[in-house]
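The values are calculated or read from the model by the stated rules, or taken from the named source; none is laboratory data. Small disclaimer: the values here were computed from a predicted structure and weren't measured. Note that we place each Cβ from the backbone using ideal geometry, even for glycine, and neighbour counts take in every protein chain shown. With ligands, DNA and RNA removed, areas are computed over all heavy atoms of the protein, side chains included. Shrake-Rupley method; radii C 1.70, N 1.55, O 1.52, S 1.80 Å.
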Amino acid sequence: MKAVVSFLVVAAIVAVSVFGFTKGAQADEIKMVGVITKIEIEGASAKTATATLKDNKTEQLVVITVNDDLTLDKFKDHRIVEGDEIRCKYEVIDGKNISRFFRKTAGC
Amino acid sequence: MKKRTAAAAMFTVAILATAAYAAHPGADYIKENGYKGPETCEECHPGKAKAFLDTVHWKHASKVTNVDGLDPKKEYGMQNRIYVMCNGNDIVNNLKEIPKNPETGKTKFSGCNTCHPGDHLNDVGSKGAEAEKAIDCLVCHSTAYDFRKRKPMKDDKGRVVMGQDRSKEAALAIGKPTAKNCMVCHEAAGGGVIVKRGFSFTKETDAHAAKGMVCVDCHKAKDHKIPTGTDPNNWANDGVRLSCADVSCHGASPHKDADLNRHTAKVACQTCHIPRTGGAFAKDFTVWAQNPDKFYEPTTLKLEANESSPVYAWYNGTVANTPHFIGPKGSKKDGKSKIYPFKIFQGKAFYNKKTGELLSMDFAPPMANGNTRAGVESAARTLGMKNPEQVAKEAVPGWQTIYFASSHLVTKTRALSCANCHAPNGVLNFKELGYSDKEVVKLTSPELFFNKVAAKMKEDW
């Protein structure tokens, strides 16, 4: 019983921090979920890549620039491929959509 | 001390250099003869494949001695467990082609077993020469694995198989497993990235990753028996354990500060050094939501690594296990427990109306058409239960709470210090942990740390 009560407290804290997170520092980030239609990356040493996502809500194609090493590595060894559904957050900088968060929605 | 550090640094450089420059001694042989699967490796590493079949990574099960209510003669693990992080398991939710979606007429492959280094024909726990040949050695040992090949498909006989990269290129890039090799499966366990255990292993999130360490620097394996700790929800084990306080790692008195060392008798290292957690905290298996591709999925509430607070409890290594709760046993008084941090997770699933037992689910039916009770019925039938139809029809939704260990996301700079615990608004609820009112007054008084923290303040500024 005690365990349940203390979990409620945790849940409350979690809820607060979730809202805090979205309203606060992340204000200019755009969120989307979409399926990859194209990945463009040049070679094994590439430091940047673009992925085109088809937005699930609007069906628009959005070109995302990916610069983080972990995601680039997943493009290179094909752990992330065309057809995968992605949860993405990005920021618009100098006209480019720079990825801040790029994750497959699925897992096992 | 200095000398030892310097020597250690040189040693590390030497190891890194070897890893980077000295190719695997088997490379020439493989270049000449190609890679035919484990039998190629067995030319020089005899017995490895056979021994591998006897590990948790192949069987997804082992005998379990520290959990309530289990039969000591039987084996338990992801193969057959019924709990709510994954409401299916390798048996009831076997990898297969799901029924056609009624709106699109499309199907897809789904099921557990994709986190298994076999080919599905030789599945979780299989034995014999064919099983030995089916092991995917390269998924753990190659740095040039092409993951497009590691996916479920149908072979020429129409059977569902799990693909592998058995190319020469991949076999020429052999070494001891990197963090990525392990994270192929461990990162997305439980239904997505950072869901089950809520840990990411990057230089930003883990002090050991920042030092360039990889999983097997701590999880050192002999004969493929990979050591684990005492996570209340990690039941299957290879009979070898590891802990932060192992003499080969830090020992029980790793600090220059005697005040900190005194705490290690009652407070686990993780409690101070893993102050945050993350990942999934709730999931509903009873109602699945439809995706834009028209297939259905259960809904998961989750946070990133380090975005949530752990729950603290006494833990002596034995585990309470009931249909509504899996978690640590222990108390302030038993003399064997320490205070540990846990990642809490709650899942909603169906219970047997007659027995109150938690039921499991085959994901294929609900994934195709959202009918979760059909998933319960299919699982009940696979398990040979009486009247599967009725079991499913009457099944009652309910919640199970699970305490997961929090064993990674280690920090030194953000480790909890005196006032994080000994102030009245500290992270530990001393009263709930079983301290008397008198003890609580003492434990929440600045008297305990005032002079020390004042001295540190002077030093720092």
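Is it the case that some residue within region B:82-96 is in a loop (DSSP other than H, G, I, E, B) and at positive phi? Outline the logic, then answer.
Going through region B:82-96, the residues in a loop (DSSP other than H, G, I, E, B) turn out to be B:82-95.
Right, trim to at positive phi and you get none.
No - not one qualifying residue is present in region B:82-96.
Within region B:157-191, take every residue that is on the phi > 0 side of the Ramachandran plot and in contact with a strand residue (DSSP E or B) (Cβ under 7 Å, 6 or more places away or on another chain) and give me the one that is most open to solvent (accessible area, probe 1.4 Å).
Top of the filtered list is B:GLY191.
Quick one: which residue in B:ASP165, B:ASP123 is away from chain A (no Cβ under 14 Å), part of a loop (DSSP other than H, G, I, E, B) and among the acidic types (Asp, Glu)? Write out each step before concluding.
Details: B:ASP165 fails: away from chain A (no Cβ under 14 Å).
When all the criteria are applied, what remains is B:ASP123.
Exactly one of these conditions fails for A:HIS78: (1) within 9 Å of chain B (Cβ to nearest Cβ); (2) open to solvent by 70 Å² or more (accessible area, probe 1.4 Å). Give me its number.
That leaves (2) as the condition not met.
Determine which single condition B:THR114 fails, assuming it passes every other condition in (1) modelled with pLDDT under 95; (2) away from every other protein chain (no Cβ under 13 Å).
Status for B:THR114: all satisfied but (2).
Please enumerate the residues belonging to region B:174-189 that are of a type outside the set (S, T, N, Q) and either closer than 17 Å to A:LEU70 by Cα or free of Cβ contacts under 8 Å to residues at least 40 places away in the same chain (or both). Show your work before the answer.
Step one: list which residues in region B:174-189 are of a type outside the set (S, T, N, Q), which gives B:174-177, B:179-180, B:182-189.
Residues satisfying the conditions are B:PRO177, B:ALA179, B:LYS180, B:CYS182, B:MET183, B:VAL184, B:CYS185, B:HIS186, B:GLU187, B:ALA188.
Give the residue, chosen from B:GLY384, B:GLY398, that is part of a loop (DSSP other than H, G, I, E, B) and either within 14 Å of another protein chain (Cβ to nearest Cβ) or not hydroxyl-bearing (Ser, Thr, Tyr) (or both).
On the way: B:GLY398 fails: part of a loop (DSSP other than H, G, I, E, B).
Every option except B:GLY384 fails the conditions.
Kindly evaluate B:ASN425 against the criterion of being modelled with pLDDT under 95 and either within 14 Å of another protein chain (Cβ to nearest Cβ) or under 25 Å from the mean Cα position of the chain (by Cα) (or both). Before you say what the answer is, go through the steps one by one.
On the way: modelled with pLDDT under 95: yes; either within 14 Å of another protein chain (Cβ to nearest Cβ) or under 25 Å from the mean Cα position of the chain (by Cα) (or both): yes.
Yes: the conditions hold for B:ASN425.
Out of region B:419-461, which residues are in a helix (DSSP H, G or I) and in contact (Cβ under 8 Å) with a residue 60 or more places away in the chain?
At the first step, the residues of region B:419-461 found to be in a helix (DSSP H, G or I) are B:419-422, B:437-443, B:446-448, B:450-460.
Hits for region B:419-461 are B:ASN420, B:LYS452.
Consider region B:190-213. How many of its residues are of a type in the set (Lys, Arg), within 12 Å of another protein chain (Cβ to nearest Cβ) and without any contact (Cβ under 8 Å) to a residue 12 or more places away in the chain?
Counting residues in region B:190-213 that are of a type in the set (Lys, Arg), within 12 Å of another protein chain (Cβ to nearest Cβ) and without any contact (Cβ under 8 Å) to a residue 12 or more places away in the chain gives 1.
If you go through region B:315-335 one residue at a time, how many are within 12 Å of another protein chain (Cβ to nearest Cβ), surrounded by 20 or more Cβ atoms within 10 Å (Cβ to Cβ) and hydrophobic (A, V, I, L, M, F, W, C)?
Within region B:315-335, residues that are within 12 Å of another protein chain (Cβ to nearest Cβ), surrounded by 20 or more Cβ atoms within 10 Å (Cβ to Cβ) and hydrophobic (A, V, I, L, M, F, W, C) number 1.
Which of the residues belonging to region B:431-449 are closer than 28 Å to B:LYS256 by Cβ and exposed (fewer than 13 other Cβ atoms within 10 Å of the Cβ)?
B:GLU447
Going through B:ALA282, B:ALA265 one at a time, which residue ends up being more than 20 Å from the chain's Cα centre (by Cα) and either among the aliphatic types (A, V, I, L, M) or within 12 Å of another protein chain (Cβ to nearest Cβ) (or both)? Can you show your working first?
Numbers: B:ALA282 fails: more than 20 Å from the chain's Cα centre (by Cα).
Just one listed residue meets the conditions, B:ALA265.
Just the residues that are free of Cβ contacts under 8 Å to residues at least 12 places away in the same chain, loosely packed, with under 14 Cβ neighbours inside 10 Å and assigned to a helix (DSSP H, G or I), please, taken from region B:244-275.
Result: B:ALA258, B:ARG262.
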